[in-house]
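Working notes, beginning with the structure itself.
The values are calculated or read from the model by the stated rules, or taken from the named source; none is laboratory data. Everything numeric in this text was worked out from a predicted model, so none of it was measured. Here the Cβ positions follow ideal geometry from the backbone for every residue, glycine too, while neighbour counts run over all protein chains shown. Areas reflect the complete protein model, heavy atoms only, side chains present, ligands, DNA and RNA absent. Shrake-Rupley method; radii C 1.70, N 1.55, O 1.52, S 1.80 Å.
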Amino acid sequence: MQRLLFSLGLLGSGLWLAPACSEDKPGNLFPDPDASSLGGASGNGASGGSGGSAGAAGASGSSAGMGGAAGTVDSPAGSGGQDAGAVPQCAVDADCDDGNACTVEQCESGACVDAGFASSGTSCGNPIDDTCTRPDTCDGAGSCQSNNNPGTAGMPCGSTTDNDCTHPDTCDDQGVCLPNHEPLGTACGSQAVSDCSGPDQCDENGECAANDFAVGTPCGDATESECARHDVCGAGVCLPNDVANGSACTGGSCTQGQCISGQPVGCPIDVVNSVPATVHWSSVDSPDLFGGGCDESGTPDYALVFTAPSAGTFRFVAHGLIDSTPYTGADTSNTPPTEPPDGDAVITVAAGSCAGVDAPQVDCNDDGPQGGGDLDSQLDLVLDDQEVVTVYLNERTQRGGGTGTLTITLLP
């Protein structure tokens, strides 16, 4: 009975003993008969229990060494640790950051632990600091306060522009500065209506935009002829849609949308083929035949076809008189001049015989060879024998045209 109780006692302590082989002496518990090996090993397990010291024999050894299985991290005998073979969670506090600036995490013995909340006022979230909002801060309870300027809805901010289409910007209740535009299509600016434009309206950006119709929209005079087409819109204005000046039409050529009977195709012309020559010219009621690099667009032209009688250098000199009604040139007196004043003649020479607006320009001149206030124009050209050019003459700024003289000489 005593032996049975002793065995049960050992079982209760966590050590199992095999039944004895004889009634007089207990049997060996381990294959090694060396009694010195019966001591418990030092507790070195990650989940260590109540291990004792190594090397004690007999009964002392029976209560030692029941620590957990050996792990890779040494812990003192009897102390707990990470599971056998586990990798540490952290090395420094930064390894434990959970992405919330308002909580604190620390690394302790390779494991991440919560260390409470960041103090109230700690920076977090949006750092914007302006009229409508302040930088986000922690509330001391682990949350980031995203609106740190309550009660600012309606406060002025941003643009202070105030007109038909927009008003000063204001803050909303979320701390954002918002534009204060009028709705798209709100009437603004000019409310005039024409063939090519409707009332101005506010756009989506708070700007007053012209309400012009598309370029090319038919408008105005619907006349269709050899020299004119239906007028069309351009930048909100109704424009003539005439065929190019000098274009051929039945019995003549076109000028400002009209077919001029007997007018040569390309341009109205005079012909000169000998020198010296003096020609009286007039561009009154003529079309703008050639642009050129020295005159202004829209000024009517006189045209003369010149055929060089020989090879050489020919000098062209033009003098002009303004002859427009009404006179639109510079005049400092209160009374309009009774006779046309001296004008600002321009010479432009193009290749070929009235070859049209696409003809190559040979040369042009305005205000003499040296300038200096001389409003007569002079041009020297080297021409081959029988070379043909067209000389265009006009008044630089006069839409009504001009008159004058042209002389052509052969230089020695």
Completion exercise
Largest-first ranking of S310, S353 by accessible area, probe 1.4 Å, whole protein assembly kept, is S353, S310
Completion exercise
Counting only backbone N atoms under 12 Å from a point 7 Å out along Cα-to-Cβ of T250, the residues of segment 220-239 in range are 225-227
Handout entry: Karplus 3J(HN,Hα) series, Hz, for segment 346-359 with 6.51 cos²θ - 1.76 cosθ + 1.60 (x for Gly, Pro)
Key = 10, 10, 10, 10, 10, 6, x, 9, 6, 7, x, 5, 8, 5
Fill in the blank from the handout: Spelling it out for C124: with amide H atoms placed in the peptide plane at 1.01 Å from N, the residues 5 or more places away or on another chain with amide H under 5 Å from its amide H are D136, T137, C138
Practice task
Can you tell me the order of 281-289, 173-181 when each peptide is scored by its average per-residue count of other Cβ atoms within 10 angstrom, highest first?
Solution key: 281-289, 173-181
Practice task
Could you size up the charge dipole of segment 164-242 around its Cα centre, putting +1 on the beta carbon of Lys and Arg and -1 on that of Asp and Glu, and report it in debye to the nearest 20?
Solution key: 120
Completion exercise
Placing each pseudo-label 7 Å from Cα in the direction of the beta carbon, R134 and S120 end up separated by a distance in nanometres of 1.2
Fill in the blank from the handout: Amide H neighbours of S197 at under 5 Å, excluding residues fewer than 5 places away on the same chain, with H built from the backbone geometry, are F213
Practice task
Answer rounded, prolate or oblate for segment 230-292, using the Cα gyration tensor with square roots of eigenvalues a ≥ b ≥ c: rounded when a/c is under 1.5, else prolate when a/b is larger than b/c, else oblate.
Solution key: prolate
Handout entry: Cα→Cβ-extended label distance, 7 Å offset, between S109 and R315, nm
Key = 11.5
Handout entry: Karplus 3J(HN,Hα) series, Hz, for segment 301-308 with 6.51 cos²θ - 1.76 cosθ + 1.60 (x for Gly, Pro)
Key = 10, 9, 10, 9, 8, 10, 10, 5
Problem - FRET efficiency for N205 and S146, using Cβ-Cβ distance with R0 set to 30 Å, rounded to 0.05 - result: 0.55
Exercise for the section: Scan around T166 for amide H atoms under 5 Å from its own, H built in the peptide plane at 1.01 Å from N, and keep only partners 5 or more places away or cross-chain. Expected result: E182
Completion exercise
Phi angles of segment 189-206, converted by Karplus (6.51 cos²θ - 1.76 cosθ + 1.60, θ = phi - 60°) into ³J(HN,Hα) in whole Hz with x for Gly and Pro, give x, 6, 9, 5, 10, 9, 4, 10, 8, x, x, 5, 9, 6, 9, 6, 9, x
Problem - Ranked by how many other beta carbons lie within 10 Å on average, peptides 401-410, 211-220 from highest - result: 401-410, 211-220
Problem - Net lengthening on full extension, V265/V87 (0.36 nm per residue, minus Cα-Cα) - result: 54.2 nm
